[in-house]
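Peer 1: Here you go, one structure.
The values are calculated or read from the model by the stated rules, or taken from the named source; none is laboratory data. Just so we're clear, the structure is a prediction, and the values are computed from it rather than from any experiment. Note that each Cβ is placed from the backbone with ideal geometry, even for glycine, and that neighbours are counted across all protein chains shown. The protein model used for the area step is the full one, side chains on, heavy atoms only, and it has no ligands, DNA or RNA in it. Shrake-Rupley method; radii C 1.70, N 1.55, O 1.52, S 1.80 Å.
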Amino acid sequence: MTVTRRPLIAGNWKMNGLSGDGLALAEELARRIEDSADPDFDLLICPPFTLIQRVGAALAESTIALGGQDCHAAESGAHTGDISAAMLADAGCSHVIVGHSERRADHAETDAWVRAKAGAARAAGLVAVICIGETEAQRDGGETTTVVARQLAASLPDGATAENTVIAYEPVWAIGTGRTPSVTEVEAVHALIRGDLAQRLGDDEAARLRVLYGGSVKPGNARELMSLTDVDGALVGGASLHADDFWSIAQSSA
Ligand code: PGA
């Protein structure tokens, strides 16, 4: 059975965007998707929490999905500064990124914690975009496949399906550096992820679940990366802050 996975291009704005530039960017992307008849990709924007409602309003008439960049694993309670998955859903989000390497590094998030967040996302009706990827030292030490397999096994919650989960493979050393693995390396890691998903979820579910590549995706390298068999889109940081670049990456995926 051949399954066609519709590419997902997700923009992770990280800690960028004030109301002026953030709203202008969202409005521009909404205009472009509206003007393009039946695009062959899905778009997702993950602005900072402060802009979620206003970007959501700017996207209200568009097919572009809205996501958070993180959520807490608990439903509510005494967690100063945190946001729950239910709050994101309430603010109009359909997706949330969990386990981004910047969260894992800056906030000491473990695989178990990421798994709990992904479970909370599912419970709130959100799609969890679960990020995994090796550091440069792990890559240099030949540990890439072990690390990725271990993170995937430990971060994927029970009940994960192609509808409620997206995996993003993001080598930590490729994020924001302008460096990317070779296409052969990306292909090998994505095939490994697909194989592991098949063991965990069964062949059919694994064949439908989208696995994104992230880390220095730019207009210049997107077409090559997006053409790989098991790459079903991109998680884009820096380039998602520029409408032309983000749009060009999206078009490369179709
Ligand atoms: P980058 O970030 O595209 O700026 O490398 C990707 C990410 O962190 O999701």
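Peer 1: Round to a whole number: what % of the accessible area of the stretch 128-254 belongs to carbon and sulfur, probe 1.4 Å?
Peer 2: Ligands and nucleic acids excluded, carbon and sulfur reach 48 percent.
Peer 1: Ranking request for peptides 170-179, 52-61: highest mean number of other beta-carbon atoms within 10 Å first, then the rest in descending order.
Peer 2: 170-179, 52-61
Peer 1: Once you put a point 7 Å from the Cα of ALA191 and another 7 Å from the Cα of SER248, both along the Cβ direction, what distance in nm separates them?
Peer 2: For the pair ALA191/SER248, the computed spacing is 3.1 nm.
Peer 1: Compute the accessible area per residue over the chain, keeping the other protein chains in place, probe 1.4 Å, unit Å².
Peer 2: Per-residue value: 44 Å².
Peer 1: Using 5 Å bins from zero, what percent of all Cα-Cα pairs in the stretch 44-193 falls into each bin?
Peer 2: Bins of 5 Å from zero give 2, 10, 18, 21, 19, 15, 10, 5, 1, 0 percent of pairs.
Peer 1: Collect residues whose amide H, placed 1.01 Å from N in the peptide plane, falls under 5 Å from the amide H of GLY11; neighbours closer than 5 in sequence don't count.
Peer 2: Residues meeting the amide H criterion: LEU44, ILE45, CYS46, VAL236.
Peer 1: Is any residue of the stretch 201-234 close enough, with backbone N under 20 Å, to a label point placed 7 angstrom from the Cα of GLU136 along the Cα-Cβ axis, and if so, which?
Peer 2: Residues 214-218 qualify, since their backbone N sits under 20 Å from the label point.
Peer 1: Give the peptides 70-81, 7-18, 113-124 in descending order of average Cβ contacts within 10 Å, highest first.
Peer 2: 113-124, 7-18, 70-81
Peer 1: Another question, if that's okay. Mind giving me the nanometre distance, one decimal, between the label points for ALA60 and VAL3, set 7 Å out from Cα along Cα→Cβ?
Peer 2: About 3.6 nm separates the two model spin labels.
Peer 1: Still on this structure, I have one more. How large are Rg and Dmax for the chain when calculated on the C-alpha trace, in angstrom?
Peer 2: Reported Rg and Dmax, both Å: 16.8, 48.
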